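**Q** Below: one structure in structure tokens.
Derivation of every value follows stated rules applied to the coordinates shown; laboratory data play no part. The structure presented is a predicted model; accordingly, all values stated were derived computationally and were not measured. We place every Cβ from the backbone using ideal geometry, glycine too, and count neighbours over all the protein chains shown.
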Amino acid sequence: MKNLLFIAFFSFLTMNAQQSEVSTTDTIEVGDVLTIGNPSGQDYEHISFPPVNFIIKKGGTPNFKRLKGMQVIVTKKTSINGEAKLTITRKDGKRFFNSHRSVKVALAPALETKEIL
């Protein structure tokens, strides 16, 4: 009986190990519309927003609360050392914080932490 349970358990594990998951990082292309989600911590870690003092110097208002749910368009996709990086702009054509046209995103970690949806 033990052998039968062991074989059943082992075959279940090997079937699950063979299933492959399709990565969503390969399906995102230039022109796709994404949504900015919640930050993974206090601030956005994988979306490279400029520091607050740079935003203020350019005449902007650093309000990170308004970013949640904002629609963005992918304008450029690059791969640096095997890691996909995106450049995004706002869908409505305005600037981020009224000071920056585009920002960069590390795609895989941003999708993992749901900073980008």
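**Q** By counting other Cβ atoms within 10 Å of each Cβ, how are F49, F97 ranked from fewest to most? Let's see the in-between values first.
**A** Values: F49 19, F97 22.
If I rank by nearby Cβ atoms, fewest first, I get F49, F97.
**Q** Continuing with this model, one more query. Calculate, for S79 and S99, the FRET efficiency according to 1/(1 + (r/R0)^6) with r their C-beta to C-beta distance and R0 22 Å; round to the nearest 0.05. List each step's numbers first, then the result.
**A** Numbers: r = 28 Å, r/R0 = 1.27.
It comes out at approximately 0.20.
**Q** Additional query: Run the numbers for E29 and N63: contour at 0.36 nm per residue of separation, minus the present Cα-Cα distance, in nm.
**A** Length gained between E29 and N63: 9.4 nm.
**Q** Which of rounded, prolate or oblate describes segment 23-112 when judged by the alpha-carbon gyration tensor and an a/c cut-off of 1.5?
**A** Prolate, since a/c reaches 1.5 and a/b exceeds b/c.
**Q** Something else: For the pair Q71 and I56, how long in nm is the line joining their label points, each one 7 Å along Cα→Cβ?
**A** About 3.4 nm separates the two model spin labels.
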